[in-house]
Number of protein chains: 4
Amino acid sequence: MSENNGPKPWETKITEIKKDEIRIHGYRLDELMGKRSFSDMVFLMLKGQLPSENEGKMLDIMLVSCIDHGVTPPSALAALTSASTGAPYNGALAAGILSINEHHGGAIENSMRMLMELQVILDNSKDSGRDFSEAVNHLVSQYKDQNRRLPGFGHRIHKNDPRTAKLLDFADEFGLGNTWVRLLTGLKDGVQKSTGKDLPINVDGAIAALLLELGIAPELANSFFIMARVPGLVAHIHEEKTIQKPMRRIDPVNHIYTGTPERDIP
Amino acid sequence: MSENNGPKPWETKITEIKKDEIRIHGYRLDELMGKRSFSDMVFLMLKGQLPSENEGKMLDIMLVSCIDHGVTPPSALAALTSASTGAPYNGALAAGILSINEHHGGAIENSMRMLMELQVILDNSKDSGRDFSEAVNHLVSQYKDQNRRLPGFGHRIHKNDPRTAKLLDFADEFGLGNTWVRLLTGLKDGVQKSTGKDLPINVDGAIAALLLELGIAPELANSFFIMARVPGLVAHIHEEKTIQKPMRRIDPVNHIYTGTPERDIP
Amino acid sequence: MSENNGPKPWETKITEIKKDEIRIHGYRLDELMGKRSFSDMVFLMLKGQLPSENEGKMLDIMLVSCIDHGVTPPSALAALTSASTGAPYNGALAAGILSINEHHGGAIENSMRMLMELQVILDNSKDSGRDFSEAVNHLVSQYKDQNRRLPGFGHRIHKNDPRTAKLLDFADEFGLGNTWVRLLTGLKDGVQKSTGKDLPINVDGAIAALLLELGIAPELANSFFIMARVPGLVAHIHEEKTIQKPMRRIDPVNHIYTGTPERDIP
Amino acid sequence: MSENNGPKPWETKITEIKKDEIRIHGYRLDELMGKRSFSDMVFLMLKGQLPSENEGKMLDIMLVSCIDHGVTPPSALAALTSASTGAPYNGALAAGILSINEHHGGAIENSMRMLMELQVILDNSKDSGRDFSEAVNHLVSQYKDQNRRLPGFGHRIHKNDPRTAKLLDFADEFGLGNTWVRLLTGLKDGVQKSTGKDLPINVDGAIAALLLELGIAPELANSFFIMARVPGLVAHIHEEKTIQKPMRRIDPVNHIYTGTPERDIP
């Protein structure tokens, strides 16, 4: 689509559009359909290459783990608030997405950067003879000095987040936990040893370690979480628009689940 | 999470959150991880039930087909424009999503409603002895009278959209094209017979027929398209933020693809 | 900024930008500065012409009347929810604006359309000899048949909204209430006469009649309300970001005003 | 609106809502109507107090100066792109606002922070005997070292931005240029003396100095710009929706002004 005269065309490396042909990072989109899953395609969009079988399975499980967390997260509340005024689906969804930031969803990126800092400390420790537990102590005291909490640990509702164990188990099964997951669990153990505190790894921490294992850039972490959460937000918006009265007061606490009772996966 | 005193709690039927337990429509989320794909979960969020194997595969292929269409769609251009001013990823993404409306993405919902109108005409025709081609003519003249184009046919770039054929082939293979896909292809043939015009079914039309086959509500069509397109938009935003200069003029025409050359899927 | 070769330039009638010269609807912007108030400029942007002195004063008072209504409107709650997750100001503001729709702010446009419907009924009544009270009854029964409430009357908090009386008084003072304001008060009286119900005109109804008096298109009503409310939303976002803890639960009911006590305007 | 039992209410200091009474920072809103202009109210929302007469006039002129800059700014292009797909007014407006960030509009906050840095350098210079020109050189070399341009100078279109001179003249007339405006013009002169370059102060720089003179916090600068620009964006969205065809290609360069010819302010 360039023009011979006039300014130089600007460049994009993602998708090539020709008449009756669409190629994403060189692959024909119509050939990808049916051969590669949507999760594999998410990997392709984030990295520019297709995942290995295990990488693809891992990313799929990570997406599933983040798809919804009920009506209490701020992104759901903002989306419901907008929907209750009569917003179209995409307007309410945008309001939800605009509520996924540093303090909601953002712990993933922060955890990734924390693990990268720990790795730098460890790399620098080789010469100085400092061992792993000293490196952990160094990191912990850094965060303490800056008055920051260690991200990726603890949850406002869950003690033993069922998603975390599942994520780490699959990482092990797929051979995708040897670097950053190991670092994260090492950090958890190191903190417990030096402070006595048992900080449970949360889903943000586990996702963070796994995104690093998959080689995905930390600045994409929030977008990854958004991709996973969009179907959940859409479901809540749909429920609000089809069942609730407009302009109702949306109490962030006083609600109950009245859906399908507990059941087993077929 | 209800309170005994005070106002009645409001109800949600999507997700149940208890300490260390998350259930979506009754299924434990940690058990869904690894057993059901993210596309199956999208189906669950949109319908409240898990798909059959073929329904799940079909939805996955539909999501893949819509994941990206380069830099020319308005959603990409709005996202790039926002990103080029220094917006965070979620802000630029929201700008993109706010550009998916009636005239971009919206053809899916319109096509669904058109097919439903045709079905109503056919249902009403049984008594009157009107046949399929008469029903098609009735629909076409209705649209003509209202000065509306038939949605789901034709594309500003593609003549034979490679995604359409693939979608319809898979529908056939999975036994998911017997009602609405048949109606759509019948409509196409009927139009050609009565007007001589060969209107190619486009990807919106194919997705529309398939969403109806899967029993997904027409008002969710735009959200479905957004779910599928978010990873593509994120990729474009990432490219803009990492490669381009801020506040550049984003020419909607004068750009070229400089990424990985044509290659086969491994 | 046109080019001689290539496609025809597209046209805009709002603002002309030349080197060292900015003209809005033909007026030099630097000459407008200090000569015309911001409210006059709002009028110019909405209508393409400058207001008379009284029109300008009226629009200014209307903007003031809508600038804020505390933390309970959905637009404020959505903006606070987004801000509490760490959104930048413009992200939280966008979330707020996306919550100004049919059921919040939208009553202005609906009231405008209702008054226009009443005017049509009256115009059609001239021939049929129907009088004003018959026209009112006709409108009221139309709304009843369609199961719609008459917009522009009543408020979830106020009985005698102090803003309404002020708006109508100024309309009278400025000679700007002779058509649509008269119609609105006539409608109120007519309803009371025929049903016995005393429906107080609310601020939306008063603004609606006045926008019609000023000749502003109904489809701009929501945007007018947004223009007026943006400073209020920004103030709430600023308070949230500077005073509150991140990710707090924002109760839509349980809050108190702890600001400057009642005082007189200097 | 507090409850006796249950959690402590959260606090807001902006607006008090009682039945039939609305007070903003202690003032009755209905009494403000007609007594204080909308620009005065903007000042009240940003600062918590009403402006002096000259402060109010100055802020009004600042708002007017930023109300529109035609179709080329990214905020206008994003809003038009969204509107052209059929977005409602508030959706298109949100897309525009999400395109006002560091590199568009953001120069105001950056200029404020630069002036504050210069003031700190000057304050520290008192002891060291460093004079103004040395302080300027110190600032300039700091920016050079960090590879940053001095914000608030130069414009991609204007050499002598007509808005800047007007803003600085009024500041002088109102006695509101004695601290930060003086610093800004001193900086401009200092740069010219030491480098020979004549950097024209742009509208962002002038607005920055004036917001500091008015005591408005730098983190509110972007929101101030947005408040001023919203009416302009709404006008462009309205034009797009009423005059242009959906899904058109919006060329950021090839457009012409076809509105009212040059005229004098009545």
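The table that follows gives values for the structure above.
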| read-out | value |
| --- | --- |
| Residue in region A:208-217 that is within 9 Å of chain B (Cβ to nearest Cβ) and at pLDDT below 95 present | no |
| Some residue of region D:225-235 being over 17 Å from the mean Cα position of the chain (by Cα), touching a residue at least 12 places away in the same chain (Cβ under 8 Å) and surrounded by 16 or more Cβ atoms within 10 Å (Cβ to Cβ) | yes |
| Checking residue B:77 against (1) under 26 Å from the mean Cα position of the chain (by Cα); (2) farther than 28 Å from residue A:21 by Cβ, the condition it does not meet | (2) |
| Entirely in region A:111-213, the helices (runs of 4 or more DSSP H) that have 2 or more residues that are β-branched (Val, Ile, Thr) | A:132-145, A:180-195, A:203-213 |
| Within region A:16-38, tally of residues that are over 28 Å from residue B:53 (Cα atoms), under 27 Å from the mean Cα position of the chain (by Cα) and outside any loop (DSSP other than H, G, I, E, B) | 0 |
| Near pairs, Cβ below 8 angstrom, 6+ apart or cross-chain, from region A:243-266 (more than 7 Å from every other protein chain (Cβ to nearest Cβ) and under 16 Å from residue A:92 (Cα atoms)) to any residue that is open to solvent by less than 70 Å² (accessible area, probe 1.4 Å) and of a type outside the set (S, T, N, Q) | A:244/B:10; A:248/B:10 |
| Residue satisfying condition, being at pLDDT 90 or above, within 9 Å of chain A (Cβ to nearest Cβ) and either surrounded by fewer than 24 Cβ atoms within 10 Å (Cβ to Cβ) or within 17 Å of the chain's Cα centre (by Cα) (or both), within set C:102, C:109, C:117 | C:102 |
| Residue that is farthest from residue A:194 (Cα to Cα), among those in region A:108-148 that are among the charged types (D, E, K, R) and in contact with a helix residue (DSSP H, G or I) (Cβ under 9 Å, 6 or more places away or on another chain) | A:109 |
| Given (1) open to solvent by less than 10 Å² (accessible area, probe 1.4 Å); (2) at the interface with chain C (Cβ under 9 Å from one of its Cβ atoms), number of the condition residue D:79 does not satisfy | (2) |
| Region D:143-158 residues that are within 13 Å of residue D:113 (Cβ to Cβ), paired with ones that are open to solvent by less than 30 Å² (accessible area, probe 1.4 Å) and part of a strand (DSSP E or B) (beta carbon under 8 Å, 6 or more apart) | D:152/D:201 |
| Complete set of residues in region B:159-179 that are farther than 15 Å from residue A:28 by Cβ, under 17 Å from the mean Cα position of the chain (by Cα) and without any contact (Cβ under 8 Å) to a residue 60 or more places away in the chain | B:168, B:177 |
| Any hit, region D:121-144, residues being charged (D, E, K, R), touching a Leu at 6+ places or on another chain (Cβ under 9 Å) and within 14 Å of chain B (Cβ to nearest Cβ) | no |
| In region A:138-176, the residues that are open to solvent by 70 Å² or more (accessible area, probe 1.4 Å) and among the polar types (S, T, N, Q) | A:146, A:147, A:160 |
| Subset of region C:51-69 that is touching a residue at least 40 places away in the same chain (Cβ under 8 Å) and more than 16 Å from the chain's Cα centre (by Cα) - its residue that is most open to solvent (accessible area, probe 1.4 Å) | C:54 |
| Filtered residue count, region C:177-216, keeping only those that are open to solvent by 20 Å² or more (accessible area, probe 1.4 Å) and within 23 Å of residue C:52 (Cα to Cα) | 7 |
| Residue list for region C:82-99, filter: at the interface with chain A (Cβ under 7 Å from one of its Cβ atoms) and open to solvent by 10 Å² or more (accessible area, probe 1.4 Å) | C:86 |
| Residue that is least open to solvent (accessible area, probe 1.4 Å), among those in region C:236-266 that are closer than 23 Å to residue D:50 by Cα and of a type in the set (Val, Ile, Thr) | C:237 |
| Considering residues of region D:4-27 that are within 7 Å of chain C (Cβ to nearest Cβ) and among the basic types (Lys, Arg) only, the residue surrounded by the most Cβ atoms within 10 Å (Cβ to Cβ) | D:23 |
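The values are calculated or read from the model by the stated rules, or taken from the named source; none is laboratory data. What you are looking at is a predicted structure, and each value in this text was computed from that prediction instead of being measured. Cβ sites come from the backbone with ideal geometry, for glycine too, and all protein chains shown count toward neighbours. Just so you know, the surface numbers come from the protein's heavy atoms only, side chains and all, with ligands and any DNA or RNA stripped out. Shrake-Rupley method; radii C 1.70, N 1.55, O 1.52, S 1.80 Å.
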